[in-house]
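First the structure, in the form of structure tokens, and then the observations on it.
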Amino acid sequence: MLDVGAGTGAASLPLAGRLGELIAVDASAGMLAELTPRAERLGVPVRTVPGRWPDVAARTPVADVAVAAHVVYNVPDLAAFLSELTGHARRRVVLELTEHHPMSWLTPLWRHFHGLPRPARPTAHDLTAVAGALGHEVRHESHAAPLPRYASLDELAESACRRLCLTPDRVGEVAGAAVALGMWPLPRERWFTVWWETA
């Protein structure tokens, strides 16, 4: 399996019993350094390729299946990213992503505190449209995210303060705004699994 944006192996290592070899690509050498001993403890041979996809595609081996979990949100050239991923998969490409950008939940707060509109796209549907335009017979399934994003309103407000560039003393104000704007509790995200066959 080729895991692009592998991180520490959250998407690929749960399949340890089915992996002959894991080829892990990630821009963070530190994360790859954490992944390697985890894979070895599970008996999974691992080869790491540090760097950004598709920049490192030329020095990345081909695999039976190529996966990219929660990494396509900020890809500048999605068509090139998907084309290289497809070219490195003998059988199938699998992507996992949220329906909307993971930070889109902050949109009402950006407008409230800074008067800034935020883009509503890209979405998982845009991804499937691009993949379809590249000639792939795209299939997908969706399901509720396994866990809520935040366990409490305070946790949401603290995170939002950091992301909105507000000082920590405004946590209470952010929490109040989130309630007033109907943002709490946050609805459970929808995750999409998207795939196509390459052979």
Subject >> Matching label, Rg and Dmax of the Cα atoms in Å computed from the structure shown, candidates (1) 19.3, 70; (2) 18.9, 56; (3) 16.3, 48 >> reply: (2)
Subject >> Long-range amide H partners of V67 with built H, under 5 Å >> reply: L2, D3, V4, V94
Original post:
Given 0.36 nm per residue, what is the gain on full extension from L186 to E173 after removing their alpha carbon distance, in nm?
Top reply: 3.0 nm
Original post:
Assigning unit charges at the beta carbon (Lys, Arg +1; Asp, Glu -1) and nothing else, what dipole magnitude in debye, to the nearest 20, does the chain show about its Cα centre?
Top reply: 60 debye
**OP:** Compute the signed sum of charges (Lys and Arg +1, Asp and Glu -1) over the other residues within less than 13 Å, Cβ to Cβ, of H125.
**Re:** 0
Subject >> For R59, solvent-accessible area (1.4 Å; no DNA, RNA or ligand), Å² >> reply: 150 Å²
Subject >> Sequence-distant residues sharing a close amide H with A11 (under 5 Å, placed H) >> reply: none
Original post:
Out of S28, S159, S142, any idea which swings most in a Gaussian network model of the chain, alpha carbons joined below 10 Å?
Top reply: S159
Subject >> Relative contact order computed over the stretch 48-159 (Cα-Cα under 8 Å; 6+ residues apart), in percent >> reply: 21 percent
Original post:
Which FRET efficiency value, to the nearest 0.05, is calculated for A58 and E99 with the Förster distance at 41 angstrom and r the Cβ-Cβ distance?
Top reply: 0.80
Original post:
Quick one: Karplus J couplings for the stretch 59-67, per residue in order, coefficients 6.51, -1.76, 1.60, θ = phi - 60°, nearest Hz, x for Gly and Pro?
Top reply: 10, 10, x, 7, 10, 5, 10, 10, 10
**OP:** Springs between alpha-carbon atoms under 10 Å, Gaussian network over the chain: tell me which of V49, V67, V171 tops the mean-square fluctuations.
**Re:** V171
Original post:
Going by the alpha-carbon gyration tensor, a ≥ b ≥ c the square roots of its eigenvalues, is the stretch 130-199 rounded (a/c under 1.5) or, if a/c is not under 1.5, prolate (a/b greater than b/c) versus oblate?
Top reply: prolate
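What does the helix-only formula give at 222 nm for the chain: each DSSP H stretch with n ≥ 4 adding -39500 (n - 2.57), the total divided by the residues, and the result rounded to the nearest 500 deg cm²/dmol?
Taken over the chain, the calculation gives -9000 deg cm²/dmol.
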**OP:** Would you mind telling me which residue in E96, E21, E173 has the biggest mean-square fluctuation in a Gaussian network model of the chain, where springs connect alpha carbons within a distance under 10 angstrom?
**Re:** E173
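The values are calculated or read from the model by the stated rules, or taken from the named source; none is laboratory data. This structure is a prediction, so every number in the text was calculated from the model and none was measured. Heads up, the Cβs are rebuilt from the backbone with ideal geometry, glycines too, and the neighbour counts pull from every protein chain shown. All accessible areas refer to the heavy atoms of the entire protein, side chains included, with ligands and DNA or RNA removed. Shrake-Rupley method; radii C 1.70, N 1.55, O 1.52, S 1.80 Å.
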